[in-house]
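Encoded as structure tokens, the structure appears first; notes follow it.
The values are calculated or read from the model by the stated rules, or taken from the named source; none is laboratory data. All of these numbers come straight from a predicted model, not from anything done at the bench. For neighbour counting, all protein chains shown are included, and Cβ atoms are generated from backbone atoms with ideal geometry for every residue, glycine included. To get the accessible areas, we keep the full protein, side chains included, count just its heavy atoms, and leave off ligands, DNA and RNA. Shrake-Rupley method; radii C 1.70, N 1.55, O 1.52, S 1.80 Å.
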Amino acid sequence: MAEPRRPGPGLDPQARAWTLAAAAACLLPLLLQLPGPLAVGLAVVSAAVGALSWWRRLPAPLRLVLSLALIAVVLVNARFSLGRDTGCALLAAMLALKPMELATLRDARSLLGFALFAPFATFLLDQGPVSLVLGLGAAVLALAAMLRLAELESGETVALRPRERLRRVGAMLAIGLPLALAAFWLFPRMATPLWGVPERTITRTGLSDTMRPGDWVDMLVDDRPALRVTFDGAAPPTSEMYWRGPVLWDYDGREWSGSRWFSALPAATVEHGPRRYSYELEVEPTERRMLVALELPLGVPDGVRQGYDHTLSTRRPLTSVTRWRMSSAAPTTFDVGLRPMLRQAALRLPDGFNPRTVALARQWRAEAGEGAQADAAIANRALEWIRAEFGYTLSTPLLGRHAVDEFLFEQQQGFCEHFSSAFVVLMRGAGVPSRVVTGYVGGYRNPFGDYWIVRNSDAHAWAEVWLPGRGWVRVDPTAAVAPERIYDTVADRASRSPGGLQALAPMFDMGDWMRRGWNDLVLGFDAERQQRMLQALGGDDLGSRQLVLLFALVAGLALAGMLWMVARGERERDPVLRAWHRLGARYARLGLARQRHETATDWAARVVALRPASAPLLALSARFSDWRYAPAQDEARGLLRDLRAHRP
């Protein structure tokens, strides 16, 4: 049976409401970064526990059972893997249950102190402006709740109005703002972090080094940006915007995967075409190490490795927004001298899978003969078959053991994963070296800011075949589908969305432009940007020691200003006493200050004797004396209003 709640000393309904509201506000930004079902469940638990805390305090055994149950739910959701998202989810679960212990002022302070960890934990998962705004709002409410707890502890009889309480919190934040800005702009930025954070256990939507046909449906309907690209000059046509990512060589009959040992080989020789494009790539966090580039990069930036097949990988996981300067040009030849070992890897097929496809491929080889022209003819024959009989749709059933056979001879409808996988299996069966390439295709030019947005829904898979004299050549079998047989696409689904959402497209463009500005001005403020800012202000290239001294000087000045403002703002905490002192200060400016030995009524009598027009002061002083020794809540509000309104 639940034990009655023990209302600790001084904890009134208003203080409880402020405390619960602040705890909920701190929990909100963290919940928004957790998986949907888990976030909804924790929100329901938090609301139920908060409502129950007004009525009963649960016994300790039941609180323990609930805590263990929520911990188990979080661990199951994380597949019993530990990472920073798991840790943040456990923090959210414990914060959702913490109001069960809310009974006294000490409990309220403990809850608020614990709740403030949640906004900071949010930044381990997301550093966007929405998280910052929600975190600041939560901090404001938490400080306002602490201010109410301080009022109760000091025994003040008149509670501040919510607007006044929030105004005081705003003043406190304003006092600390100069120090925060000094820390952001002047604290020495390190080129590499001094410490790392655990990786996520549940990775974000995005490309990976594996592909199983049919598994990309969720990514193809995800409109969140994956890349933002700014070209230095003219951009290539969207039909040529192939953002090349992981190259997949190995096929086990169901799943394609990359070969890790290829990354240790030197990059294959490439001859680039004359048209070159320079651009800056802004990559959203993926928690992975894979990087894409416009086909094909002329070089790699610092911190990036390039494998034999020109797959790019970063030295550290992409846990935050990163920027990369690159140049690319389409290849004219790509690894013309294919080594036998690599040729064998590009022809390997698993035994016992897709017999009809292999048989058809061998038939085509027998009919085409041998040689470079024959290999190209086989590839073109496959494209003609797709153009004549196949359709494009996102609505596809799961395929069985012989997935390629079912797709080519029965289903004949699918999307890029199905087409690229089946095409490569068909080519390998015919003796044409081939591989699957994944990445993105196309993009959307944002008129606000003149940059290109590549979304997760632009994810694409295509093929590369090796032809004598040319090397690896890009072949996109999905693009061969006849327009009249394109049925269910991402664009079709978007067109079926409510018309109001389509009308809001300019607003979404503006929002993404603002997010890009946030990434540039805040998240992209690194050591190089810091030096450029100081040089623009007239400073030379400062080393770490000079930066530390400059920061210490500015921070010292900010702290001195904070201390002066705090000392200047030190005043009586009770609003009635503060209003009485202000009234006395108004009369003091007229030479009628109250003497230390005078009571309130004696001073009022002396003032009225000298200034008869101030006769209302007699009644005010009498009311003040009565309130001072027998305070009443109702009388205090009226007295406070009249004290503030009185003028000599």
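A few remarks follow.
- Note on TRP518: accessible area is roughly 50 Å² with a 1.4 Å probe, heavy atoms of protein only.
- Normalised convex hull volume, the range 315-405, alpha-carbon set, Å³ per residue: 259 Å³
- Sulfur and carbon atoms: percent of accessible area, the range 343-456 [1.4 Å]: 51 percent
- Evaluated with a Cβ-only charge set (Lys, Arg +1; Asp, Glu -1), the chain carries a dipole of roughly 3060 debye about its Cα centre, given to the nearest 20.
- Here the sum of -39500 (n - 2.57) over DSSP H runs of 4 or more residues, divided by the residues of the chain, equals -15000 deg cm²/dmol at 222 nm, to the nearest 500.
- Applying the Karplus relation 6.51 cos²θ - 1.76 cosθ + 1.60 with θ = phi - 60° to the range 592-608 yields 3J(HN,Hα) values of 10, 5, 6, 7, 4, 7, 8, 7, 4, 6, 4, 5, 5, 5, 5, 5, 5 Hz, where x marks Gly and Pro.
- Taking the Cα centre of the range 317-384 as origin and assigning +1 to Lys and Arg Cβ atoms and -1 to Asp and Glu Cβ atoms, the resulting dipole is close to 300 debye.
- Separation of the range 107-132 from the range 47-63 is 22 Å, based on Cα centroids.
- For ALA103, the amide hydrogen comes within under 5 Å of the amide hydrogens of ALA108, counting only partners 5 or more places away or on other chains and with H modelled in the peptide plane.
- Per residue accessible area in Å² of the chain, where ligands, DNA and RNA are left out and the probe is 1.4 Å: 50 Å²
- Here, the range 345-477 is characterised by an Rg to Rh ratio of 1.03, where Rg is the alpha-carbon radius of gyration and Rh the Kirkwood radius.
- Hz values of 3J(HN,Hα) by residue in the range 432-443 - Karplus curve (6.51, -1.76, 1.60), Gly and Pro given as x: 9, x, 7, 7, 9, 10, 10, x, 10, 9, x, x
- Taking a ≥ b ≥ c as the square roots of the eigenvalues of the Cα gyration tensor, an a/c ratio of 1.5 or more together with a/b no larger than b/c marks the range 234-276 as oblate.
- Rg/Rh (Cα only; Kirkwood hydrodynamic radius) as it applies to the range 77-146: 1.02
- Percent accessible area from carbon and sulfur atoms, the range 599-644, protein chains only, probe 1.4 Å: 58 percent
- Where the Cα pairs of the range 252-361 fall when distances are cut into 10 Å bins, in %: 12, 35, 31, 18, 5
- Its alpha carbons considered, the range 45-199 gives a radius of gyration followed by a Dmax of 18.7, 54 Å.
- Simple Cβ-charge dipole of the range 15-154, Lys/Arg +1 and Asp/Glu -1, about Cα centre, in debye nearest 20: 280 debye
- Spatial offset of the range 386-434 relative to the range 511-562 amounts to 54 Å, using the alpha carbon center of each.
- Against the criterion of solvent-accessible heavy-atom surface with a 1.4 angstrom probe, ARG84, ARG163, ARG529, ARG323 sort, most first, into ARG163, ARG323, ARG529, ARG84.
- Charge context of VAL336, other residues only, Cβ under 15 angstrom, K/R +1, D/E -1: -2
- In percent, rounded to a whole number, the relative contact order of the chain is 13, using alpha-carbon pairs under 8 Å and six or more apart.
- Mean projected area in nm² (Cα convex hull; one quarter of hull surface) for the range 20-111: 5.7 nm²
- For SER239, the accessible area of its heavy atoms, probed at 1.4 Å with every protein chain present, is near 80 square angstrom.
- Charge-dipole axis of the chain as Lys and Arg at +1 and Asp and Glu at -1 on Cβ define it, positive-most pick from THR19, PRO612, ALA118: PRO612
- Within the full protein context, the accessible area of VAL300 is estimated at about 60 Å² for a probe radius of 1.4 Å.
- Accessible surface, 1.4 Å probe, highest first, among residues HIS310, HIS581: HIS581, HIS310
- Using the Cβ of ARG515 as centre and a radius below 12 Å, the other residues enclosed give a net charge of -3, where K and R count +1 and D and E count -1.
- Heavy-atom accessible area order for VAL221, VAL608, largest first, 1.4 Å probe: VAL221, VAL608
- Counting protein heavy atoms only, the range 207-285 has 46 percent of its accessible area on carbon and sulfur, 1.4 angstrom probe.
- Under 15 Å from the ALA366 label point (7 Å along Cα→beta-carbon), backbone N, the range 398-430: 430
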